[in-house]
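Visitor: Let me begin by handing over the structure; questions about it come next.
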Amino acid sequence: MGALTSNHRSGDGYLFFPFNSRFFSTSPNSDTHIAKKPKTSPSSMQSSPEHSRSAASRVYRYPDPVNPIPRAVHAPCRESRFSFCSSSSSSRESRVEKDEEVIDVDEMGNSLSAKYDKVKKLKESAIESFRYLKKDEEVIDVDGVVDRGYVSGNSSVEEVVEVVCDGREWRLQEENGKVVVVEHRSDLTNTNLMEKRIESLSLDRKWDGPLHKKLLEDAGRHDPILKSLSSDIEINEKKMAAFQLLHPAKKPQHEDVLPDVLREAFVPLTKEEKAEVSLAFSDSSRRKVLATHEDSNIEITGELLKCLRPGAWLNDEVINVYLKLLKEREKREPKKFLKCHFFNTFFYRKLIGGRNGYDFRSVKRWTSKRKLGYCLLECDKIFVPIHKETHWCLAVINKKDEKFQYLDSLKGIDTQVLKVLARYFVDEVKDKSGKDIDVRSWKQENVEDLPEQKNGSDCGMFMIKYADFYSRDIGLHFKQEDMPYFRQRTAKEILRLKAE
């Protein structure tokens, strides 16, 4: 559209939009005033520039719109879901009768919505009736009612509402416009309620067996997939039985140990022994030599023995003396213990002290028969203490079971230690017997099933007790809670220079 000129008259300057012609009526009742113009023919309007620029003249070019034929909106109208209907004036209601029940629906017929409204009203009426319902002179508090109501999916069955109040279940239904108590079950617990639910699954049959089987059978009738559960369970049970035959459950470690042997490892200290240990731990004994082991030429002073107090770290002197006592215990009772050799805490450091991390020549004289008094190769187990800066571990050359074992109370793994000991054992056999032994079939094991350390100070105690119990050949039957006892017992055995 072009711009309007500035010399237009009143009413000519409005932009065009589709007004109805009746808005420009000159009737006296009209609120809108339009300047009267002489009617002209279309040809004259086209020729006149003034008329071509007039907004009113352009409106007259268009004919009056034709009113559309009114018709009803053919769509369902749910009055139960919404508070109004957009085409209520054009919709027609019909009445449907079914099983002597009259339901009002719209033209499209939404019986489900109407049924929902009826049930909702029934529930509201039922709860309202509870305000005036008395049973056995007892008033029921409506505020405490828990609605568990449901409506049967079968339209031929009258709607029933179930509510629970104070542990009691009430089943209500409408008869002749009134709410009637159909059934009342008192003192209803959750178990009883579940049993009633299960029994209601098959009202047409009697059942004398367990309720859970009844539930499974009734559910299987509706879901064919559940029918295959029994066969699947039977197959899985057979698989489980076969798996248990191939992998039998481990017996507790103490079951395969004689009670007397296990009891000896936990003999409690007497009052005199506890007093002796307590005196050795005191500051008055700090500078005293409390024990001297002549074979190893080690003197144990009160200061060294204090490492056995709770929370202290074990030192080399206490560990080496105790390992010597374990070997002497075996010599006293050879039939009671395995034949073992216990290297001291300096052996492994010397063995790996070479340029290439291995130096057999520096330790080959440590195991001569003249020095030991027995042949190292005849031992069932050879124990090697491993010290890692601030942590003690134990390695075992288990000739009896053909294993190289590594025991770490913190569940650490070190394959390098096992490789070094395997190489050492081959060189030792070659040096002492002149034979070549093949240990490639031996197992290198980082032992996992062992007592675990729960603090940061008992690694040394765990290490020497691993050696103690392995030399007894009874397994590792102790735990973190036994460490305070083992500390006192070890101190007592060192003071008396006798391991038990």
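Matching residues to (1) in contact with a helix residue (DSSP H, G or I) (Cβ under 8 Å, 6 or more places away or on another chain); (2) in contact (Cβ under 8 Å) with a residue 60 or more places away in the chain; (3) in a loop (DSSP other than H, G, I, E, B); (4) over 28 Å from Glu333 (Cβ atoms):
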position: Lys400; (1), (2), (3), (4): no, yes, yes, no
position: Phe404; (1), (2), (3), (4): yes, no, no, no
position: Ile413; (1), (2), (3), (4): no, no, yes, yes
position: Lys419; (1), (2), (3), (4): no, no, no, yes
position: Tyr424; (1), (2), (3), (4): yes, yes, no, yes
position: Glu428; (1), (2), (3), (4): yes, yes, no, no
position: Gly456; (1), (2), (3), (4): no, no, yes, yes
position: Pro484; (1), (2), (3), (4): no, yes, no, no
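Visitor: Output the residues belonging to segment 388-398 that are in contact (Cβ under 8 Å) with a residue 40 or more places away in the chain and either open to solvent by 20 Å² or more (accessible area, probe 1.4 Å) or charged (D, E, K, R) (or both).
Guide: Scanning segment 388-398 gives Thr390, His391.
Visitor: While we're on this one: Looking at Arg287 and the list (1) more than 30 Å from Pro310 (Cβ to Cβ); (2) open to solvent by 60 Å² or more (accessible area, probe 1.4 Å); (3) at pLDDT 70 or above, which single condition is not satisfied?
Guide: Among (1) more than 30 Å from Pro310 (Cβ to Cβ); (2) open to solvent by 60 Å² or more (accessible area, probe 1.4 Å); (3) at pLDDT 70 or above, the lone unmet condition for Arg287 is (1).
Visitor: Could you list all residues from segment 358-387 that are closer than 30 Å to Asp449 by Cα and either of a type in the set (Asp, Glu) or open to solvent by less than 50 Å² (accessible area, probe 1.4 Å) (or both)?
Guide: Of everything in segment 358-387, those that are closer than 30 Å to Asp449 by Cα and either of a type in the set (Asp, Glu) or open to solvent by less than 50 Å² (accessible area, probe 1.4 Å) (or both) turn out to be Tyr358, Leu376, Leu377, Glu378, Cys379, Asp380, Lys381, Ile382, Phe383, Val384, Pro385, Ile386.
Visitor: Looking only at segment 292-306, count how many residues are surrounded by fewer than 18 Cβ atoms within 10 Å (Cβ to Cβ) and either polar (S, T, N, Q) or within 15 Å of Ala280 (Cβ to Cβ) (or both).
Guide: Final tally of qualifying residues: 6.
Visitor: Let me ask something else. Residues in segment 443-500 that are over 21 Å from Phe281 (Cα atoms), over 36 Å from the mean Cα position of the chain (by Cα), among the hydrophobic types (A, V, I, L, M, F, W, C) and open to solvent by 10 Å² or more (accessible area, probe 1.4 Å): how many?
Guide: Of the residues in segment 443-500, 1 are over 21 Å from Phe281 (Cα atoms), over 36 Å from the mean Cα position of the chain (by Cα), among the hydrophobic types (A, V, I, L, M, F, W, C) and open to solvent by 10 Å² or more (accessible area, probe 1.4 Å).
Visitor: Against the definition (assigned to a helix (DSSP H, G or I) and without any contact (Cβ under 8 Å) to a residue 12 or more places away in the chain), how does Arg365 come out, yes or no?
Guide: For Arg365, the condition - assigned to a helix (DSSP H, G or I) and without any contact (Cβ under 8 Å) to a residue 12 or more places away in the chain - is met.
The values are calculated or read from the model by the stated rules, or taken from the named source; none is laboratory data. The model shown is predicted, which means the values in this text are computed figures rather than measured ones. No Cβ is skipped: glycine too gets one built from the backbone with ideal geometry, and neighbour counts run over all protein chains shown. Accessible surface areas use protein heavy atoms only, side chains included; no ligands, DNA or RNA. Shrake-Rupley method; radii C 1.70, N 1.55, O 1.52, S 1.80 Å.
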